[in-house]
């Protein structure tokens, strides 16, 4: 015989972290009839806010002599043992109870069912599935709304009616499967949204009720990344609000992670979702700025800043800038101190004769020329399918634009007509800069076409 524990709680606030439970009610049922019931007030260990008292009628005097959660934990666990935990919007009640067990250092887990999701499947066509509205539609009375046993009893009646429908057992069995998606997906998101997500690189969006993006992300494996958003508990108010606002999830493949990062940045800057914060400011970068000192030595200065117009070259990370300059100092045998890297232990007495200065400046000019030689490049990536390639056009370290194409390309100049100019951002520049640095260090594989050093495109892709 199936055993279900229909549970409802009242609390001092909307999220488990920082708030307490004031009342717990549960009804044990086999899905057809009530087997037993239990309820208790609980001392939350903190004052009950006035607006909560106005809503529930529970005040500080009522819970003053009530047991704490620690005092009833063993009894509650016994009631819930060997039963499926059922609640209307189960994530709320389950998170509070599990959170309270965790504060005691105890691990508590039970299989759970959400009657909101059940109702959407078994009782379609209602305008709202809140407990008050669905009960009103079905003629289920609740003489003690916002009290634990009143709401619990109403949920029991709703549950019993749903269990009498033809597909009830099928739906319940599906929702109780281990790892069944609807047990951890946000309550408004249909499982089909998750099932449609790709397992390849791409960008995904969480949309609210109006279809507005509230969060945009990217991943090498979109489906896996989306799943991680819903792992763990719902302890914080911000996390609960985030999950509650998600009504739809969609995604698109991009072919590679690099293209996913660029599309993610573009979409974030187009929609500015309320839960994306990392890219709402211009990124700081390490700029390599050339100057000439009083003795005539051409030198470099490293500075962390957002504006990189005066930079000879820039890097997203300071260590990458220093690593590149050290490699140039070794190649052209230049004192690292004159490149903004500090002293390497050489003698502090520097030869400042005209010949020495000229020789040094010749090496610095070679470094600047080496940087300029790769000012215009195209990165060629795999597209979204086998017949397609992706092109990222970079000019002076700035992302000029990117696109997908199946066309054959013979000359670099063709790219200017093919690749649409995009507004770009400091973030997209940093994304590509970092990828190129990883490529130069041999950490990743890219197909890079430099112009005018090489006239023909690199092998691979749909290029003639």
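So in the range 383-411, with the set limited to residues that are assigned to a strand (DSSP E or B) and modelled with pLDDT under 90, which one is farthest from residue 320 (Cα to Cα)?
Result: 395.
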Exercise. (1) in a helix (DSSP H, G or I); (2) crowded, with 18+ Cβ neighbours inside 10 Å: which one isn't true of residue 174, the others all being true?
Worked result: (2)
Problem set entry | First in the range 140-168 and on the phi > 0 side of the Ramachandran plot, second anywhere and surrounded by fewer than 18 Cβ atoms within 10 Å (Cβ to Cβ) and in a helix (DSSP H, G or I), Cβ under 9 Å, 6 or more apart | 146/55
Problem set entry | Sole exception among (1) at pLDDT below 90; (2) part of a helix (DSSP H, G or I); (3) within 20 Å of residue 209 (Cα to Cα) for residue 133, by number | (1)
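Within the range 412-428, how many residues are without any contact (Cβ under 8 Å) to a residue 60 or more places away in the chain and assigned to a helix (DSSP H, G or I)?
5
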For this session: Could you tell me which numbered condition residue 121 fails, if it satisfies all but one of (1) within 30 Å of residue 226 (Cα to Cα); (2) touching a residue at least 60 places away in the same chain (Cβ under 8 Å); (3) part of a helix (DSSP H, G or I)?
Result: (2)
For this session: Give the residue that is modelled with the lowest pLDDT, with candidates limited to residues of the range 97-118 that are part of a helix (DSSP H, G or I) and over 15 Å from residue 16 (Cα atoms).
Result: 117
Exercise. Which residue pairs have Cβ atoms under 7 Å apart, sit 6 or more places apart or on different chains, and have a first residue in the range 184-199 that is more than 18 Å from residue 119 (Cα to Cα) and a second that is in a loop (DSSP other than H, G, I, E, B) and modelled with pLDDT of 90 or more?
Worked result: 199/221
For this session: Among the residues of the range 296-323, write down those that are part of a loop (DSSP other than H, G, I, E, B) and either assigned by TED's automatic domain parsing to the domain that holds residue 394 or more than 17 Å from residue 364 (Cβ to Cβ) (or both).
Result: 306, 307, 308, 309, 316, 317
Problem set entry | Exclusive hit being within 21 Å of the chain's Cα centre (by Cα) and either in a helix (DSSP H, G or I) or modelled with pLDDT of 85 or more (or both), set 326, 275 | 275
Exercise. Do the conditions hold for residue 210, that is, is it at pLDDT 85 or above, in a loop (DSSP other than H, G, I, E, B), buried (at least 16 other Cβ atoms within 10 Å of the Cβ) and assigned by TED's automatic domain parsing to the domain that holds residue 256?
Worked result: no
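The values are calculated or read from the model by the stated rules, or taken from the named source; none is laboratory data. No experiment lies behind these values; they were computed from the predicted model shown. Ideal geometry is used to build each Cβ from the backbone, glycine not excepted, and the neighbour counts take in all protein chains shown.
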